[in-house]
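The values are calculated or read from the model by the stated rules, or taken from the named source; none is laboratory data. Quantities reported herein were computed from a predicted structural model and do not represent experimental measurements. Neighbour counts run over all protein chains shown; Cβ positions are idealised from the backbone, glycine included. Calculation scope for accessible area: heavy atoms of the full protein, side chains included, ligands and nucleic acids excluded. Shrake-Rupley method; radii C 1.70, N 1.55, O 1.52, S 1.80 Å.
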Protein chains: 4
Amino acid sequence: MLDNLGVHAAGFVPANPAYEAVVRESFARQSLMATLGASIAHLSPGEVHLRLPYSPAFCQQNGYLHAGAIASVADSANGYAAFSLAPPDTDVLAVEFKINLLAPARGAEFLACGRVLRPGRTLTVCLAEVLAIAGTERRPIATMLSTVIVRPNPRGFT
Amino acid sequence: MLDNLGVHAAGFVPANPAYEAVVRESFARQSLMATLGASIAHLSPGEVHLRLPYSPAFCQQNGYLHAGAIASVADSANGYAAFSLAPPDTDVLAVEFKINLLAPARGAEFLACGRVLRPGRTLTVCLAEVLAIAGTERRPIATMLSTVIVRPNPRGFT
Amino acid sequence: MLDNLGVHAAGFVPANPAYEAVVRESFARQSLMATLGASIAHLSPGEVHLRLPYSPAFCQQNGYLHAGAIASVADSANGYAAFSLAPPDTDVLAVEFKINLLAPARGAEFLACGRVLRPGRTLTVCLAEVLAIAGTERRPIATMLSTVIVRPNPRGFT
Amino acid sequence: MLDNLGVHAAGFVPANPAYEAVVRESFARQSLMATLGASIAHLSPGEVHLRLPYSPAFCQQNGYLHAGAIASVADSANGYAAFSLAPPDTDVLAVEFKINLLAPARGAEFLACGRVLRPGRTLTVCLAEVLAIAGTERRPIATMLSTVIVRPNPRGFT
């Protein structure tokens, strides 16, 4: 899927057999994703793609999607890519991320493809590519490099 | 205002006497800011503060504001800090930004304080601090370092 | 070569037919690369790999290569990847870079593989992966995401 | 000291009464700092300034200090700022850093001023400003935002 960066599944083995259920359950609790209309397009160990439709409600001054909307889905894609490899009874939190905006976010919909570069017991590093989709064309518009922390006791964050 | 980083006004002279009007006009066109309920709390040459109320509609999985919502206002605060120093008939675009999340975004409202570190003819570097506000307490929750590009012909982006 | 990120040549067409000569000439003027003992291992349009041997003179407190030494070669790899696509009579300058250190820089030698993600008339975005090499093993130890500016009049920087 | 960012001592209380001795002992083991000729110019809880003289041996293609040399001292300044607040029997490691190059590194000497923004039990976030010094003039040339991890068992890294 990640045409431009060419990042392919690295054969990660999930530490939690129920990784799919816990990722979907957590994603469903992210109200920002619901507000943006984002959904899970792909979910496998170490890789999560989120689909984001264009909406005039999330734009910058010239009618393109705001960099913050793009960053939101890329951050969640990377976070859930990390979470898909985390042990049971943990939660994840973004430590930091950096995003390069390669082109204006013009398109009917967008795909934020997050991948784990290096899983860790405490810190996991992820790379996301965001593509603008128009018909059969997929154009990279952003790249995000993130650090995610895995923490015990998911309810400790509540 | 920027208690923690202690960044104070650097005495920038705006290149556009109408800087306040053009910043407010552009901000009013950012539909994401309206959707988030963000408003301009402070605007001076090289410095823009945006206020963001807490809303359950923009959260992550544990009910804190999503890092993407925080990043959105910090990005706009830095972008408009840069835009306040730009010449007439230009527009600004985020090239990239990096955000460190220092603490969960818990609070009744948030203040994203963007400041120009180095204005440039083409590229402007900005630093934003995001504070959580609860009563009289102000707690830093994020720091963003951004590169903004100033481009001629504002309608070239439309 | 970029096993981990799987980034492969994107079929870039160089704007300067003499790209190889100008990259090599500029690299030879970077005294830090000579001091570190770095050399060009691969050079093609949009992609530059730099080899760095381990040396006890460039270490952090525990005898691994210092993150600054790793960042130096990754920055040059990305800069020259960008420069290989630049028109004649230009020069490049790093605007900013972000590096994630994935593992301690332990190994006999290191390879910093820089690739252009998006070439631009003014700004070029690059991604580098740094690998530690020990025998036939290649282990990713760092990832860098950079913005490079292409400027006219190379001697304007001198 | 940090004129431009105006970052002042935040009244941190060191967790290790011997913080000064352990920082100086660790710094003395960083062979890259010795190779670059860097020295500690200031050391207090949560704040470390490193002085770097100009040398023609650490330059980029136009005779300015290479961004990697600047990044090296900024990374060490931030790392030791974090280490000055760490408990006994720990060590620090850079997780990631991001640097914006504001101006060419031209000058007789440079000062990398690292400060802790948020100390943490596991992760500490630091901000460094690098100044070029020429006579009485101090000109900001770079800003670095870093994440540092504090780990138990210092010899675990050896």
Which residue is nearest to the other protein chains (Cβ to nearest Cβ), if the candidates are limited to the range A:44-86 and must be assigned to a helix (DSSP H, G or I) and touching a His at 6+ places or on another chain (Cβ under 8 Å)? A:72
Filter result (closer than 14 Å to residue D:51 by Cβ and in contact (Cβ under 8 Å) with a residue 60 or more places away in the chain) within the range D:130-140: D:130, D:131, D:138
Determine whether residue B:139 is in a strand (DSSP E or B), open to solvent by 30 Å² or more (accessible area, probe 1.4 Å) and touching a strand residue (DSSP E or B) at 6+ places or on another chain (Cβ under 7 Å). yes
Within the range D:87-104, residues in a loop (DSSP other than H, G, I, E, B) and open to solvent by 10 Å² or more (accessible area, probe 1.4 Å) come out as D:87, D:88, D:89, D:103, D:104
Confirm whether residue A:41 is of a type outside the set (Asp, Glu) and away from chain B (no Cβ under 14 Å). yes
Any chance you could count how many residues in the range D:11-37 are at the interface with chain C (Cβ under 9 Å from one of its Cβ atoms) and open to solvent by 20 Å² or more (accessible area, probe 1.4 Å)? 7
Quick check on residue B:149: is it within 18 Å of residue A:94 (Cβ to Cβ), open to solvent by less than 20 Å² (accessible area, probe 1.4 Å) and aliphatic (A, V, I, L, M)? no
Would you confirm whether or not the range C:117-124 contains a residue that is basic (Lys, Arg) and in a loop (DSSP other than H, G, I, E, B)? yes
Kindly check whether there is at least one residue in the range C:102-117 that is more than 20 Å from residue C:148 (Cα to Cα) and acidic (Asp, Glu). yes
So, in the range B:123-144, exactly how many residues are under 14 Å from residue B:41 (Cβ atoms) and of a type in the set (Val, Ile, Thr)? 2
What single numbered condition from (1) more than 23 Å from residue D:128 (Cα to Cα); (2) in contact with a Cys (Cβ under 8 Å, 6 or more places away or on another chain); (3) of a type in the set (Val, Ile, Thr) fails to hold for residue B:116? (1)
Output the residues belonging to the range C:117-129 that are open to solvent by 10 Å² or more (accessible area, probe 1.4 Å), among the charged types (D, E, K, R) and in contact (Cβ under 8 Å) with a residue 24 or more places away in the chain. C:121
Could you tell me how many of the residues in the range A:38-86 are over 30 Å from residue A:120 (Cα atoms) and either within 14 Å of the chain's Cα centre (by Cα) or buried (at least 22 other Cβ atoms within 10 Å of the Cβ) (or both)? 6
Could you tell me which residue of the range B:105-116 is surrounded by the fewest Cβ atoms within 10 Å (Cβ to Cβ), considering only residues that are assigned to a strand (DSSP E or B) and free of Cβ contacts under 8 Å to residues at least 60 places away in the same chain? B:109
The range D:143-158 - residue that is facing another protein chain (nearest Cβ under 9 Å) and in contact with a Phe, Trp or Tyr (Cβ under 9 Å, 6 or more places away or on another chain) and, of those, modelled with the lowest pLDDT: D:157
Restricting the range B:101-131 to residues that are within 13 Å of chain D (Cβ to nearest Cβ) and touching a Phe, Trp or Tyr at 6+ places or on another chain (Cβ under 8 Å), the one nearest to residue C:93 (Cα to Cα) turns out to be B:119
Conditions (1) over 25 Å from residue C:112 (Cβ atoms); (2) of a type outside the set (Gly, Ala, Ser); (3) more than 8 Å from chain C (Cβ to nearest Cβ); number of the one not met by residue D:91: (3)
